[in-house]
C-alpha cells in the first residue's frame with residue numbers, strides 16, 4: 001500500500017519536473033523572439 005503511494009508521489013514529481021522544463025524552454029524561446037523583434041524594429045527605425 002505504501003509502495004503505491006510512493007509510486008504516485010514519484011510520478012507526480014517527474015511530471016512537475018517535465019512541465020517545469022517545458023515552461024523554461026518556452027520562456028527562453030519567447031525571450032529570444034522578443035529580442036529579435038526589438039533588434040528588427042531598431043534596425044527598421
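For n ≥ 4 DSSP H runs only, could you compute -39500 (n - 2.57) per run for the chain, divide by its residues and tell me the 222 nm figure to the nearest 500? Don't skip to the end; give the middle numbers.
Working: 1 runs with 43 residues, N = 45.
About -35500 deg cm²/dmol.
Kindly express, to the nearest 10 degrees and within the range 0 to 90, the angle between helix 2-44's C-alpha long axis and the longest C-alpha principal axis of the chain. Relative to the chain, helix 2-44 is tipped by roughly 0 degrees.
Based on alpha-carbon atoms, the Kirkwood radius and the radius of gyration of the chain give Rg/Rh equal to 1.48.
Values in this text are rule-based calculations from the coordinates and carry no lab data. Given the structure is predicted, the values throughout are model-derived calculations rather than measurements.
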